[in-house]
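The values are calculated or read from the model by the stated rules, or taken from the named source; none is laboratory data. On a predicted model such as this, the values are computed, not experimentally measured, just so you know. Here Cβ is always computed from backbone atoms with ideal geometry, including for glycine, and neighbour counts include all displayed protein chains.
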Amino acid sequence: MALKVEVYQKEKVKPCSPTPQTLRNYKLSLLDILVSVCYSPMVFFYDSRAGGHDYDELKDSLMKTLSVLYPLAGRIKDGSTIECNDEGADFVRANVTNCDLGEFLRHPKLEDMRRLLPLDLYPNAIDSSLPMLAVQLNRFRCGGTAVAFCIWHGLADAGAMIGLFNTLAAINRGEGPINPGGLIVDTPPQFSGRGTSSAPRNDYYHPSEHHRRPSRVVALSAFIWAAVIRAILPSNPNLKTHLLTNAVNLRNKLNPPLPSQCLGNINQSVAARWESEADGGGRVTAGFLIGRVAEAIDKVTDDYLREMHIEGGYLKAILGFSKATLSDEIKALNILCNIPFSQIDFGWGKPIWIGLGHTRENLAMFLDVEDGGIEVWIGLAQEVMCNLDKDMKFNAYVSFSQIFS
């Protein structure tokens, strides 16, 4: 039975104080422009045990948040500028009329998750009518709430989303904004996107020997990567190369570093490579691949970033990477990680579950969960996902798995 979500109120929420004229235009960086095609969805689920959820209070807190993160109340002006005109964010209230929160969470369905979202994630056209942020509050019959966000990807990566959520949550708890001066910064000059000539591309891939004890992100990335390669091989015998790309948060890699939760897409993907002929299908294990993942991530330094972005080198690398992976012989898995969304507390307690609202093929997201573990969302082609679900090496280390169709 499909989830029934009945919207009963829609309104625009504007900043509680106007944005100064001197801050009217927010310039997007090359990294922002490359992803400015969709919204990033996130859904936080809160049970009703902490008491009632005051939606009017959250609306007031959103107004205060938009005064701090003022580009989120603006509109697209052109391909590289957000006009910070205080048009506001969409604020939607809805009731889930045929389901309790506990029922929904027992067997969540992706199509039902999308019914909780306030916007279409992939609009047909990008124009000045689109909000940069939309929020939908969905009240279940039991009193539990799903708070669904859609954030324009061109303004926020995962680190920036954490800045938004933490600011809104702190204000709603009565604590005021956290580090408001560090949430909006000028784009570093190396990400301006100027120049079109090519820079060396060999550094994008990193074969290596690596003997240092790996972080849990590196270890889990290698584990997932090995399992995905094993799942692809039966359905794609032509596979010659598989790449693992990790999105690295650059805020603390730059010199000087940027604030940890500032607005923008301040991350870069680096790739490790597996070759079928050189490495052999029988050697597709996490232990075999772990050094390559670690070396790729460790490569990212301030000097490396400046070299990659000289004269448009990073853009050339991205275009070349996208073209290469169109072939059956070269495939890739993209990983986003280190996202502490489980700590977002609007004064209603921490979320009992977090849903992404969508999956993308060949993308894995690592979400920290309250018990100290990591929840992984993996989007794969159906045949590959079925092979992964049958992989005993994979299932031996997974406490629970569920396939969203």
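Side notes on the structure shown:
- Within the span defined as the range 108-127, one or more residues are in contact with a Cys (Cβ under 9 Å, 6 or more places away or on another chain), of a type outside the set (A, V, I, L, M, F, W, C), farther than 20 Å from residue 162 by Cβ and assigned to a helix (DSSP H, G or I).
- Cβ pairs under 8 Å, 6+ apart, first in the range 10-21 and among the polar types (S, T, N, Q), second at pLDDT 95 or above and not in a loop (DSSP other than H, G, I, E, B): 17/67; 19/67; 19/70; 19/73
- Here the condition is being among the basic types (Lys, Arg) and closer than 30 Å to residue 30 by Cα; of 390, 299, it holds for 299 alone.
- Considering 278, 296, the condition of being within 26 Å of residue 217 (Cα to Cα) and within 26 Å of the chain's Cα centre (by Cα) is satisfied by 296 alone.
- Residue in the range 150-160 that is on the phi < 0 side of the Ramachandran plot, part of a loop (DSSP other than H, G, I, E, B), crowded, with 21+ Cβ neighbours inside 10 Å and out of contact with any strand residue (DSSP E or B) (no Cβ under 6 Å at 6 or more places or on another chain) present: yes
- Filter result (of a type in the set (D, E, K, R) and either in the same structural domain as residue 35 (by TED's automatic domain parsing) or within 18 Å of the chain's Cα centre (by Cα) (or both)) within the range 239-267: 251
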